[in-house]
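Everything below concerns the one structure shown next.
The values are calculated or read from the model by the stated rules, or taken from the named source; none is laboratory data. Model, not experiment: these values are computed from the prediction. When we count neighbours, we look across all protein chains shown, and the Cβ atoms used for this are built from the backbone with ideal geometry, even at glycine. Protein only, heavy atoms only, side chains kept; ligands, DNA and RNA dropped before computing areas. Shrake-Rupley method; radii C 1.70, N 1.55, O 1.52, S 1.80 Å.
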Amino acid sequence: MIHGPSLGIGAAIASAVIIVVFLGFQGITDQTELTIESTPQIQESGPAKITMNTFLSNGSPILGNPNAPVTLVEFGDYQCHFCNVFFHTTEDDILKNYVDTGKVRMIFKDYNIIGPDSVTASHGAHCADDQKSFWEYHDILYSNWTGENNGWASSDNLAKFAQEIGLDMNEWSECMNSQKHSQIILASNEDARDLELTGTPAFFVIGPDGKTTRIFGAQPFEVFKNIFETELEKSK
């Protein structure tokens, strides 16, 4: 990856505004991150506590065919270790075999449980979405992950990432300074709490009949494949 020069967002991003936004997440910052050993790892349930419309409204733009019969929703934190594990070990196979082939559509939703930089990174992605680059920014965040609360997602680095993917920096910086997407991030976190999630990553696979299967933690590709294939059989 080619790194461009650092570009600061401005004092407002590091100011008390971010702290105020993060206070909305205090109730979940002490929760333990899910691990790949969590039990149960897969849970079948009826309809989710929030509707598909809520998933779409408070999440990322859809990745893949908007009319795909199966939906994969990930609740993640950009600083989360196991979210990063999923991104590097499993997500590419899901994209290649299911998303790019039009079988599964994917949505990312924020669940900020690590620290204030997690919230700022979420803002960065949603501001990139204003320029139709959410998923590019999502990818560059995980590609530059180096740990939790160690500064890699600082305001200066987030601006550098925006520059690297070719965003209009004036527009992106203005979006960041205004905290334009605070409500969408707070709403996504509220969705996670309503669904009684205790960590990240957590996934929902929603089939063509509305059946929902939860997957806890950074499970291997085969786990997702088996569930996708079961749900895709229903659409034949």
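Quick notes on this structure:
- Restricting the stretch 99-121 to residues that are touching a residue at least 60 places away in the same chain (Cβ under 8 Å) and open to solvent by 10 Å² or more (accessible area, probe 1.4 Å) leaves a set whose member that is farthest from the chain's Cα centre (by Cα) is LYS103.
- Tally, over the stretch 166-188, of residues that are over 10 Å from HIS126 (Cβ atoms) and surrounded by fewer than 15 Cβ atoms within 10 Å (Cβ to Cβ): 7
- Selected residue [open to solvent by less than 30 Å² (accessible area, probe 1.4 Å), in contact with a helix residue (DSSP H, G or I) (Cβ under 9 Å, 6 or more places away or on another chain), among the aromatic types (Phe, Trp, Tyr) and not in a helix (DSSP H, G or I)] from PHE203, PHE228, PHE224: PHE203
- Inclusion of LYS160 among residues that are at pLDDT 95 or above, among the basic types (Lys, Arg), open to solvent by 10 Å² or more (accessible area, probe 1.4 Å) and under 18 Å from TYR78 (Cα atoms) is warranted.
- Among the criteria (1) within 30 Å of LYS234 (Cα to Cα); (2) surrounded by fewer than 22 Cβ atoms within 10 Å (Cβ to Cβ), the one ALA192 does not fulfil is (2).
- Matching residues, the stretch 74-85, being surrounded by 24 or more Cβ atoms within 10 Å (Cβ to Cβ) and in a helix (DSSP H, G or I): CYS83
So that you can scan it fast, the table gives a plain yes or no per residue for (1) without any contact (Cβ under 8 Å) to a residue 12 or more places away in the chain; (2) buried (at least 22 other Cβ atoms within 10 Å of the Cβ):
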{"position": "ASP92", "(1), (2)": "yes, no"}
{"position": "ASN97", "(1), (2)": "no, no"}
{"position": "HIS123", "(1), (2)": "no, yes"}
{"position": "CYS127", "(1), (2)": "no, yes"}
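- Residue tally, condition part of a helix (DSSP H, G or I), open to solvent by 20 Å² or more (accessible area, probe 1.4 Å) and not acidic (Asp, Glu), over the stretch 129-157: 4
- All positions within the stretch 212-221 that are out of contact with any strand residue (DSSP E or B) (no Cβ under 7 Å at 6 or more places or on another chain) and open to solvent by 20 Å² or more (accessible area, probe 1.4 Å): PRO220, PHE221
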